[in-house]
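The values are calculated or read from the model by the stated rules, or taken from the named source; none is laboratory data. Just so it is clear, the structure is predicted and the values come from calculations on it, not from any experiment. Counting neighbours? That spans all protein chains shown, and the Cβs are built from the backbone with ideal geometry, glycine included. Just so you know, the surface numbers come from the protein's heavy atoms only, side chains and all, with ligands and any DNA or RNA stripped out. Shrake-Rupley method; radii C 1.70, N 1.55, O 1.52, S 1.80 Å.
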Amino acid sequence: MYKSKILIVEDDPAISNLIRTTLETQEYQYHTAQNGMEALMEVTSYNPDVMILDLGLPDMDGVDIIQKVRGWSNMPIIVVSARAEDKDKVDALDAGADDYLTKPFSIDEFLARMRAALRRSHAEGAKPGEEASVYINGGLKIDYAAGCAYVNGVEIHLTPIEYKLLCLLAQNTGKVLTHNYILREVWGSELDSDIPSLRVFMATLRKKIEKAPSSPQYIQTHIGVGYRMIRQ
Ligand code: CA
């Protein structure tokens, strides 16, 4: 059986040990790096399936590592950091991180995020260069060729913007998308002043796809940061 390869980039030995022990119980294989230079070397030589990345490293800022890696790789990156400010999360996610955990974190949550990242990585690897024509996630289905979306087999009527928004979230399932990223991709805008209209579109989209829009099953809100489509 293939064991997923994880790269742990962390200069704090206690946290590095905790993550290593956790990965061992789950039969993942891993390499560790204690600084940015080692991390970049491991990314090319070890070719991990997922990178777990601390932002505060002795020689480099984690955000710079994300930017460098994104120059040639789509590998999922989960940031694990003590920095809890929304701005730090947004910077890391905008640079191309997939997900963000704030220290201290729960092991269960860490493992859930890892599984989500690995599913994304394997799903992408399974069909190189070709887009799936149908997206299925629980009761949600998007037929890209027909441009239609369905919830529990019933077609839902979306405006063009709502449909674009849904497709963008679906194509990045498991990944936190920042407000600015969504605005850029859907509206071609990056103005913070457009965030309120994004909220309005999100509210109308949720009314159409969620059973209980106030406790959404599909689209999760990250307050001050953005949104994420949850794999069911
Ligand atoms: Ca650190």
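Does Tyr144 satisfy the condition of being among the hydroxyl-bearing types (Ser, Thr, Tyr), open to solvent by less than 40 Å² (accessible area, probe 1.4 Å), more than 30 Å from Thr22 (Cβ to Cβ) and modelled with pLDDT of 90 or more?
On the way: among the hydroxyl-bearing types (Ser, Thr, Tyr): yes; open to solvent by less than 40 Å² (accessible area, probe 1.4 Å): no; more than 30 Å from Thr22 (Cβ to Cβ): yes; modelled with pLDDT of 90 or more: yes.
When the stated conditions are applied, Tyr144 does not pass them.
Give me the helices (runs of 4 or more DSSP H) completely within region 7-84, filtered to those with at least 1 residues that are on the phi < 0 side of the Ramachandran plot, out of contact with any strand residue (DSSP E or B) (no Cβ under 9 Å at 6 or more places or on another chain) and within 12 Å of the ligand (Cβ to nearest atom), ordered by residue number. Even if it seems obvious, please write down each step before you answer.
Working: elements: 13-25, 36-46, 62-70.
Qualifying helices (runs of 4 or more DSSP H): 13-25.
Consider Phe110 against the criteria (1) part of a helix (DSSP H, G or I); (2) farther than 16 Å from Val176 by Cα: it satisfies all of them except one. Which criterion is unmet?
All conditions pass for Phe110, except number (2).
Restricting attention to region 22-37, does a residue exist that is among the hydroxyl-bearing types (Ser, Thr, Tyr), under 27 Å from Asn180 (Cα atoms) and either surrounded by 14 or more Cβ atoms within 10 Å (Cβ to Cβ) or in contact with a Cys (Cβ under 9 Å, 6 or more places away or on another chain) (or both)?
Looking only at region 22-37, we keep the residues that are among the hydroxyl-bearing types (Ser, Thr, Tyr), and these are 22, 25, 28, 30, 32.
In the following step, the residues that additionally are under 27 Å from Asn180 (Cα atoms) were identified as none.
There is no residue in region 22-37 that is among the hydroxyl-bearing types (Ser, Thr, Tyr), under 27 Å from Asn180 (Cα atoms) and either surrounded by 14 or more Cβ atoms within 10 Å (Cβ to Cβ) or in contact with a Cys (Cβ under 9 Å, 6 or more places away or on another chain) (or both).
I'd like to check something: does region 200-207 contain any residue that is among the charged types (D, E, K, R) and crowded, with 16+ Cβ neighbours inside 10 Å? Step through it out loud before you land on a result.
Let us first name the residues in region 200-207 that are among the charged types (D, E, K, R), namely 206-207.
Restricting the remaining residues to those that are crowded, with 16+ Cβ neighbours inside 10 Å gives 206.
The answer is yes, given that some residue of region 200-207 is among the charged types (D, E, K, R) and crowded, with 16+ Cβ neighbours inside 10 Å.
Does Ile219 satisfy being hydrophobic (A, V, I, L, M, F, W, C), within 30 Å of Leu111 (Cα to Cα) and open to solvent by 60 Å² or more (accessible area, probe 1.4 Å)? Can you show your working first?
Numbers: hydrophobic (A, V, I, L, M, F, W, C): yes; within 30 Å of Leu111 (Cα to Cα): yes; open to solvent by 60 Å² or more (accessible area, probe 1.4 Å): no.
Taking the combined requirement at face value, the residue does not satisfy it.
Looking only at region 61-96, count how many residues are open to solvent by 50 Å² or more (accessible area, probe 1.4 Å), without any contact (Cβ under 8 Å) to a residue 40 or more places away in the chain and not acidic (Asp, Glu).
9
Just give me the residues in region 164-196 being more than 20 Å from the chain's Cα centre (by Cα), under 25 Å from Gly96 (Cβ atoms) and open to solvent by 30 Å² or more (accessible area, probe 1.4 Å), in sequence order.
The answer is Trp187, Gly188, Leu191, Asp192, Ser193, Asp194.
Of (1) touching a strand residue (DSSP E or B) at 6+ places or on another chain (Cβ under 7 Å); (2) closer than 27 Å to Ala84 by Cβ, Gln217 satisfies all except one. Which?
With respect to (1) touching a strand residue (DSSP E or B) at 6+ places or on another chain (Cβ under 7 Å); (2) closer than 27 Å to Ala84 by Cβ, Gln217 is out only on (1).
Which members of region 90-112 meet the condition of being of a type outside the set (Phe, Trp, Tyr), within 16 Å of the ligand (Cβ to nearest atom) and within 13 Å of the chain's Cα centre (by Cα)?
Ala92, Ala97, Leu101
Among the residues of region 97-107, how many are surrounded by fewer than 19 Cβ atoms within 10 Å (Cβ to Cβ), not aromatic (Phe, Trp, Tyr) and not in a helix (DSSP H, G or I)? Outline the logic, then answer.
Just the residues of region 97-107 that are surrounded by fewer than 19 Cβ atoms within 10 Å (Cβ to Cβ), to begin with: 101-107.
Of the ones still in play, those that are also not aromatic (Phe, Trp, Tyr) are 101-104, 106-107.
Retained after the next criterion (residues that are not in a helix (DSSP H, G or I)): 101-104, 106.
Final tally of qualifying residues: 5.
Looking at region 121-232, what helices (runs of 4 or more DSSP H) fall wholly within it and have at least 1 residues that are in contact (Cβ under 8 Å) with a residue 24 or more places away in the chain, β-branched (Val, Ile, Thr) and farther than 28 Å from Met75 by Cα? Write out each step before concluding.
Values: elements: 160-171, 179-182, 195-209.
Correct list: 160-171, 195-209.
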